[in-house]
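Below: the structure, in structure tokens.
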Amino acid sequence: MSTAFRHRNLPRLLLQAREAVMAHNRPRLREHGLSDQQWRVLRVLGEHGTVETGRVAREAFILGPSLTGVLARMERDGLIRRERDPADQRRTVVEATAKGLQLVQRLSTAVESHYRSMEKAMGKHKLEQLYALLDELIRLEQPEGGARERAARKTNGAAAPSPEARA
């Protein structure tokens, strides 16, 4: 007996989309000896500079125990540096080394080139819509965000568009 689902399998579609995008970028990461997780850490550090490890974990979507091993390997390979936060010795901050930043610069060129090709194939408007829809889905599914969205719908009949969606 099969269950009749009305909707497509959204988590699987999101994973397929991720894998399709990463299939273009992963070979470049491997050429430089990087795992997907290591690249996500470097990207966070490339975008934000020195970052507290908890924020790295949240932004790179790596669980704490896994992050410890990832950071240890990256430190061993000379890609990052860890130290106690001068403002709060209980916390550890991470920053990319010159070697790590060079890698971010080199790989970001390839990643951005792939995004430009996606934009050319899909059209700028569709890609911006995709980003906006994904942002909306993320907000909706956050415990606090989803409750606010549902409350707004009950009050207004529909949720007000986000600032990003209006732009």
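No lab work stands behind these numbers, since they all come straight from the coordinates. Predicted model only: the values in this text are computed from it and were never measured. Reconstructed Cβ throughout: ideal geometry from the backbone, glycine too, with neighbour counts over all protein chains shown.
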Check: Of the chain, which part is the longest with no chymotrypsin sites (Phe, Trp or Tyr not before Pro) in a loop (DSSP not H, G, I, E, B) and with at most 13 other C-beta atoms within 10 angstrom?
Finding: 62-167
Check: Nearest 10 degrees, 0 to 90: what angle lies between the long axis of helix 10-31 and the longest principal axis of the chain (Cα atoms)?
Finding: 30
Check: If R0 is 22 Å, what FRET efficiency do you get for I138 and Q102 from their C-beta distance, rounded to 0.05?
Finding: 0.10
Checklist line | 0 to 90° range, to nearest 10: angle between helix 124-141 axis and the chain longest Cα axis | finding: 90
Item checked: Folded to 0 to 90 degrees: helix 64-76 orientation relative to the chain principal axis, Cα -> 40
Next item on the list: State log₁₀ I(q)/I(0) for the range 1-63 at q = 0.22 Å⁻¹ as given by the Debye formula over alpha-carbon point scatterers of equal weight, solvent excluded.
Entry: -0.97
